[in-house]
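K.L.:
Take a look at the following structure, please.
The values are calculated or read from the model by the stated rules, or taken from the named source; none is laboratory data. Predicted model, so just to flag it, every value in this text is computed and none were measured. Cβ atoms come from the backbone with ideal geometry, glycine included; neighbour counts cover every protein chain shown.
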Amino acid sequence: MAQRDTARQDGARQDGAQPALSFDVAISGASFAGLALASALADALGPEFKIAIIDRVATAEPRPDARAFALSAASRHLLDAIGVWGQVAAEAQPVDGIDITDSALEAGVRPVLLAYDNVTDAGEAATHILPVEPLWRALRSAAAARSGITLLAPAEANGFVAEDGGARLTLADGGEIMAALVVAADGRRSALREAADIKVIGWSYPQTGIVTTVQHDRPHGARAVQHFLPGGPFAILPLTGNRSCITWTEDSREAKRIMSLDDAGFLAEVEKRFGGKLGRVSLAGPRQSWPLELHLARRYVGPRFALVGDAAHGVHPIAGQGLNLALRDVAALTEMVAESVRCGFGAGNAEGLKRYERWRRFDSAISAGTFDAINRLFGNDVTLLRSVREAGLGIVDRVPALKRFFVAEAAGLTGELPRLLKGERV
């Protein structure tokens with residue numbers, strides 16, 4: 001991946017010394033989705049297919065991030081196909097089983113209402129837990145290894161105009177680049193989505209997400225735990241060694257109080273929710289928090305334009321599916337663009353983009369609605385609803401077919417899958 005000094009290049013263009021840089025695809029945002037998409041397209045269409053990644057940050061060092069991702073088997077197939085999984089596999093913890101509880105915060109004992117093995121019919125783990133940093137480094141390295149990819153940084157795309165011959169993308173410093181297709185992978189507050197006049201529907205939750213890493217005396221046995229508590233779910237996700245990532249949803253006012261505590265006070269709040277099965281717990285990483293919201297773009301495409309990842313959708317983290325949904329976008333868009341180019345229609349072919357939108361928007365909307373409903377059903381302490389939830393979890397616990405369905409869903413292996421999610425070349 002070549003890196004260009006955009007300030008120098010753009011200055012030359014403004015002086016009339018050289019034309020705007022031209023690419024087949026320009027991706028705004030070196031996010032997980034943006035980097036994965038660039039590598040997937042480069043592999044599918046070869047080094048002569050020119051791809052630009054536009055990023056606000058020039059450094060190759062990641063920002064500190066306490067999160068860990070729950071990667072589905074389908075996402076793992078995609079990462080393997082683009083040569084990334086081998087770089088991160090040693091730091092990824094397979095989840096062999098899942099235990100679910102539903103209790104009041106003060107409950108001294110949290111009985112497991114639903115437990116199941118998290119292994120697909122093919123014998124692979126449906127989920128791996130992987131810290132953010134190694135995945136970001138591996139995706140950045142994969143993009144850097146492909147000669148057809150150019151990183152334009154530091155630079156920021158703030159608008160574009162679709163023309164007959166391509167899209168003219170404008171940068172914040174006044175520069176321009178040309179591309180047959182522009183992809184917005186620039187996050188929830190996407191500037192390019194706004195420039196395309198694509199509206200979003202959604203709402204904020206009265207909840208805050210909290211994440212940290214803990215060390216515990218006893219091994220976790222590769223089992224994840226989901227405690228449904230009145231403030232929101234408290235997930236214990238196993239990491240390599242005797243460590244776990246805590247992904248915690250809490251009432252926003254309570255979360256503000258908890259985040260203001262010193263380390264000892266914060267740890268006491270973690271222990272109150274953690275349960276004692278893994279012995280003594282200590283903090284093993286920083287803590288972070290962020291407000292929770294749901295949003296879904298009304299459209300995923302426009303003339304020579306497509307949304308992926310958080311620019312297209314943001315879901316409640318209750319099921320840890322945000323990155324998996326983004327990688328589904330990547331797999332589907334890669335397949336549509338590759339087919340369009342091979343048929344001679346070019347990367348910005350309108351019919352291919354419409355097929356991408358049909359493929360991904362319905363799935364994203366169903367996922368967003370499902371996670372929202374689960375959060376609303378379990379994020380309260382109403383006695384009647386608690387009884388209904390316990391009865392429902394008990395029924396699922398006694399029906400093996402339902403457990404297999406949940407495992408297949410968590411693995412991302414249901415529905416019409418793009419080839420990359422099946423581990424196949426595009």
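K.L.:
All but one of (1) in the same structural domain as Ala38 (by TED's automatic domain parsing); (2) surrounded by 17 or more Cβ atoms within 10 Å (Cβ to Cβ) hold for Tyr116, so report the exception by its number.
P.N.:
(1)
K.L.:
Look at region 175-197 and say how many of its residues are touching a Phe, Trp or Tyr at 6+ places or on another chain (Cβ under 8 Å) and either within 17 Å of Leu325 (Cα to Cα) or touching a residue at least 60 places away in the same chain (Cβ under 8 Å) (or both).
P.N.:
So the answer is 10.
K.L.:
Within the set of pairs 6+ apart or on separate chains, which have a first residue in region 61-90 that is within 24 Å of Leu413 (Cβ to Cβ) and surrounded by 16 or more Cβ atoms within 10 Å (Cβ to Cβ), a second that is acidic (Asp, Glu) and modelled with pLDDT of 95 or more, and C-beta atoms under 7 Å apart?
P.N.:
Ala73/Glu124; Ile82/Asp43
K.L.:
On to the next question. Considering only residues that are in contact with a strand residue (DSSP E or B) (Cβ under 8 Å, 6 or more places away or on another chain) and not aliphatic (A, V, I, L, M), which ones fall in region 372-405?
P.N.:
Passing the criteria: Asp372, Asn375, Phe378, Gly379, Arg386, Arg389, Glu390, Gly394, Asp397, Lys403.
K.L.:
Next up: Is one or more of the residues making up region 118-133 modelled with pLDDT under 95 and in contact with a Leu (Cβ under 6 Å, 6 or more places away or on another chain)?
P.N.:
No, the conditions are met nowhere in region 118-133.
K.L.:
Report yes if some residue within region 139-148 is of a type outside the set (Gly, Ala, Ser), over 30 Å from Ile98 (Cβ atoms) and assigned by TED's automatic domain parsing to the domain that holds Asp197; otherwise report no.
P.N.:
Within region 139-148, one or more residues are of a type outside the set (Gly, Ala, Ser), over 30 Å from Ile98 (Cβ atoms) and assigned by TED's automatic domain parsing to the domain that holds Asp197.
K.L.:
Answer yes or no: is there a residue in region 134-146 that is more than 22 Å from the chain's Cα centre (by Cα), outside any strand (DSSP E or B) and more than 30 Å from Gly394 (Cα to Cα).
P.N.:
yes
K.L.:
Can you name every residue in region 367-419 that is of a type in the set (A, V, I, L, M), under 18 Å from Thr127 (Cβ atoms) and modelled with pLDDT of 85 or more?
P.N.:
Result: Ile374, Val407, Ala408, Ala410, Ala411, Leu413, Leu417.
K.L.:
Which numbered condition trips up Ser204, out of (1) more than 17 Å from Arg76 (Cα to Cα); (2) more than 19 Å from the chain's Cα centre (by Cα)?
P.N.:
It fails just one condition, (2).
K.L.:
Where residues in region 371-398 are without any contact (Cβ under 8 Å) to a residue 24 or more places away in the chain, part of a helix (DSSP H, G or I) and not hydrophobic (A, V, I, L, M, F, W, C), which of them is surrounded by the most Cβ atoms within 10 Å (Cβ to Cβ)?
P.N.:
For region 371-398, the residue satisfying everything is Gly392.
K.L.:
With in the same structural domain as Ser22 (by TED's automatic domain parsing), in a helix (DSSP H, G or I) and surrounded by 13 or more Cβ atoms within 10 Å (Cβ to Cβ) as the only criterion, which of Ala347, Ala331 stands out?
P.N.:
Ala331
K.L.:
Any idea how many residues of region 147-172 are assigned to a strand (DSSP E or B) and of a type in the set (Ser, Thr, Tyr)?
P.N.:
Of the residues in that region, 2 qualify.
K.L.:
Residues in region 257-305 that are outside any helix (DSSP H, G or I) and over 30 Å from Phe23 (Cβ atoms): how many?
P.N.:
23
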